Amino acid sequence: MPASDFKKKTQSDASAADNSQKEEIRLQVFLAHCGVASRRASEQIILDGRVCVNGAVVTELGTKVRDGDTVTVDGKRVQLENRKCYVLLNKPAGFVCSASDEKGRQVAADLLRDSYKERLYNVGRLDMYSKGMILFTNDGDFAAKLSHPSSQIEKEYIVETSQDVTEETAKLLEKGVRVDNVFYKCVRCEVLKPRKIKIILIEGKNREIRKMLESQNIGTRSLVRVRIGNVNLDDLRPGEHRDLTEKEVKGLLNLCQ
């Protein structure tokens, strides 16, 4: 074989090897891109032994898959989805934010099933009794960036309380309170009426607002999330949803940087 031909073949083989390696993707990333769940949630699904690759149960997070592999979750095959979806839902009270619920409660994602064939999962959460904005997607990278603690994306809530909230209490919540050895702090708390406040958070710990108010002997009658970053709930009614605009998606990602 001439030296020039050998060099071309060597370069071709190296390129093919590189492409083969590039086709490999970590299993949890593959599941996220299939719309199964976020990367973090997909890791737990793998650890729980719910995933099979080419017929074998896989529980190692470092496992990689490539084109042609058969991947199933709970016995159902999953595949990469071509269309990326970014959806805003106005969650009514009484719905839980999870893929399914062992207690038989209503799941927020069910409100989207008639409109989307893609498997969508929620980015972040609202507790069962809270209402308002929740984002859904099948884009694992998007979900990972928004969910990362470093994203520092503002989330705005309108809260109706069972007792009056004074300006002093509002300032205290901005300074921070400790409940059961956990520190809670809001970015801003504005008193709109004696029993209606606006709170802005950048963390989102479990039942954070309710616990802060309870620490001051204030009950929560209604809690509605009305803004996430650059995206507002506006006039979307409970149970309704809409696609995020390209500008909104880019704006959220820019806020994560």
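The values are calculated or read from the model by the stated rules, or taken from the named source; none is laboratory data. Just so you know, these numbers come straight off a predicted model, no measurement behind them. Please note: Cβ atoms are built from the backbone with ideal geometry, for glycine as well, and neighbour counts cover all protein chains shown. Just so you know, the surface numbers come from the protein's heavy atoms only, side chains and all, with ligands and any DNA or RNA stripped out. Shrake-Rupley method; radii C 1.70, N 1.55, O 1.52, S 1.80 Å.
Results for (1) within 16 Å of the chain's Cα centre (by Cα); (2) open to solvent by 20 Å² or more (accessible area, probe 1.4 Å); (3) of a type outside the set (A, V, I, L, M), shown as yes or no for each residue.
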{"site": "211", "(1), (2), (3)": "no, yes, yes"}
{"site": "215", "(1), (2), (3)": "no, yes, yes"}
{"site": "219", "(1), (2), (3)": "no, yes, yes"}
{"site": "223", "(1), (2), (3)": "no, no, no"}
{"site": "233", "(1), (2), (3)": "no, no, no"}
{"site": "236", "(1), (2), (3)": "no, yes, no"}
{"site": "239", "(1), (2), (3)": "no, yes, yes"}
{"site": "245", "(1), (2), (3)": "no, yes, yes"}
{"site": "253", "(1), (2), (3)": "yes, yes, no"}
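Check whether at least one residue in region 246-256 is in a loop (DSSP other than H, G, I, E, B) and not hydrophobic (A, V, I, L, M, F, W, C), and report yes or no.
No, region 246-256 contains no residue that is in a loop (DSSP other than H, G, I, E, B) and not hydrophobic (A, V, I, L, M, F, W, C).
Here is the figure for region 137-159: residues that are open to solvent by less than 10 Å² (accessible area, probe 1.4 Å) and more than 16 Å from residue 204 (Cβ to Cβ) total 4.
This table checks each residue for (1) of a type in the set (Gly, Ala, Ser); (2) more than 28 Å from residue 128 (Cβ to Cβ); (3) under 23 Å from the mean Cα position of the chain (by Cα); (4) in a loop (DSSP other than H, G, I, E, B).
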residue: 79; (1), (2), (3), (4): no, yes, yes, yes
residue: 89; (1), (2), (3), (4): no, no, yes, no
residue: 93; (1), (2), (3), (4): yes, no, yes, yes
residue: 98; (1), (2), (3), (4): yes, no, yes, yes
residue: 103; (1), (2), (3), (4): no, no, yes, yes
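Among the residues making up region 2-46, those that are over 18 Å from the mean Cα position of the chain (by Cα), modelled with pLDDT of 50 or more and open to solvent by 90 Å² or more (accessible area, probe 1.4 Å) are 22, 26. Could you please find all residues in region 60-69 being open to solvent by less than 50 Å² (accessible area, probe 1.4 Å), part of a loop (DSSP other than H, G, I, E, B) and closer than 17 Å to residue 49 by Cβ? Of everything in region 60-69, just one residue is open to solvent by less than 50 Å² (accessible area, probe 1.4 Å), part of a loop (DSSP other than H, G, I, E, B) and closer than 17 Å to residue 49 by Cβ, namely 63. For the condition among the hydrophobic types (A, V, I, L, M, F, W, C) and exposed (fewer than 15 other Cβ atoms within 10 Å of the Cβ), residue 57 qualifies. Residues being assigned to a strand (DSSP E or B), of a type in the set (S, T, N, Q), in contact with a helix residue (DSSP H, G or I) (Cβ under 7 Å, 6 or more places away or on another chain) and in contact (Cβ under 8 Å) with a residue 40 or more places away in the chain are represented in region 130-145 by at least one member.
I'd like to know if region 100-118 contains one or more residues that are surrounded by 15 or more Cβ atoms within 10 Å (Cβ to Cβ) and in contact with a helix residue (DSSP H, G or I) (Cβ under 6 Å, 6 or more places away or on another chain). No, there is no match, as no residue in region 100-118 is surrounded by 15 or more Cβ atoms within 10 Å (Cβ to Cβ) and in contact with a helix residue (DSSP H, G or I) (Cβ under 6 Å, 6 or more places away or on another chain).
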